[in-house]
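See below for the structure under consideration.
Bear in mind that the values in this text are calculations on the coordinates, not laboratory data. Fair warning: this is a prediction, and the values are worked out from it, not measured in the lab. Note that each Cβ is placed from the backbone with ideal geometry, even for glycine, and that neighbours are counted across all protein chains shown.
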Amino acid sequence: MSANPPAPGPFTGFPTGALGFYAGLEADNSKAYWTDHKAQWEREVREPMLALVDALEDEFGEAKLFRPNRDIRFSADKSPYKTHLGAFVAVEPASGYYVEISAGGLRAGGGFRAHSTAQTASLRRAVDASASGLQLESLLEGLRRKQFEVHGEQVRTTPRGYAADHPRIETLRYKELMVIRDFGDPDWLATKSALTRVRDTWRATRPLNEWVAEHVGRA
């Protein structure tokens, strides 16, 4: 039986080399670059990310780190590697908390990522309903005031079954609904203060995840 992997050490920040690694990967997304720099990725990207999510686990739950390899089977872009490392804590199968490091720096947030048309339909019914829809609009407005951006795939036209003049038509166009705070590359990224910033961001995102859990759930 193999031994369990060692527990991550304390989080001390993302080294500047983490961003440099991804800047290099964006310029040369090849197996040769990855092989030559894999030790740097382990030391300056993966290990700090593991330490970050380990420090957040007691409050938010266990995180999953996404694979560094891209699924290129059905993509015209055959670049083999993702140019970021993301981690996700699931609240429901389609909602939770997210954090990402890339050449552009740090991003964090959360919300609803649709996995089926049934989930999107549940989202839209909740947006359409007066009480839950107004509650969501209030949540989103509050998050925008805290420098979050609303993300998610949208339809360009009016969703089938809803009026073009619906008071929440812009929100109804979303197939999924996430909020992200883009920190970039501030001075504190290489310090343990990054942990506080991500924790505060996830706490601010919690009411949206609770709304999704209540109104969309496992549809």
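Rounded to whole Hz and in sequence order, give me ³J(HN,Hα) for the range 34-49 from the Karplus expression 6.51 cos²θ - 1.76 cosθ + 1.60, θ = phi - 60°, writing x for Gly and Pro.
The phi angles translate into 4, 4, 5, 10, 4, 4, 5, 4, 4, 6, 10, 10, 5, 5, x, 5 Hz.
Within 10 Å, count the other beta carbons around each residue, average over each peptide in 31-44, 71-84, 203-216, 176-189, and list them highest first.
203-216, 176-189, 31-44, 71-84
Under the rule of at least 5 residues apart or a separate chain, name every residue whose amide H is placed under 5 Å from the amide H of R70.
Amide H neighbours of R70, under 5 Å, 5+ apart: Y81, K82.
Quick check on the range 86-144: what are the equivalent-ellipsoid semi-axes from the Cα gyration tensor, as sqrt(5λ), descending, whole Å?
25, 16, 8
Hey, what angle do you get for helix 193-215 against the long axis of the chain, alpha-carbon based, 0 to 90 degrees rounded to 10?
For helix 193-215, the angle is close to 30 degrees.
Compute a Gaussian network model of the chain, connecting alpha carbons closer than 10 Å, and tell me which residue from G110, G86, G152 fluctuates the most.
G152
Given R₀ = 25 Å, what would the calculated FRET efficiency be for R43 paired with R203, taking r from the Cβ atoms and rounding to 0.05?
In this case the efficiency is close to 0.30.
Explain nothing, just compute: Karplus ³J(HN,Hα) = 6.51 cos²θ - 1.76 cosθ + 1.60, θ = phi - 60°, for every residue of the range 179-184 in order, whole Hz, x for Gly and Pro.
10, 10, 10, 9, 8, x
Of all alpha-carbon pairs in the range 9-113, indicate the percentage at a distance above 21 angstrom.
Looking at the range 9-113, the distances longer than 21 Å represent 37 percent of pairs.
If eta is 0.692 mPa s and T is 37 °C, what Stokes-Einstein diffusion coefficient results for the range 16-215, Kirkwood Rh from Cα pairs, in µm²/s?
180 µm²/s
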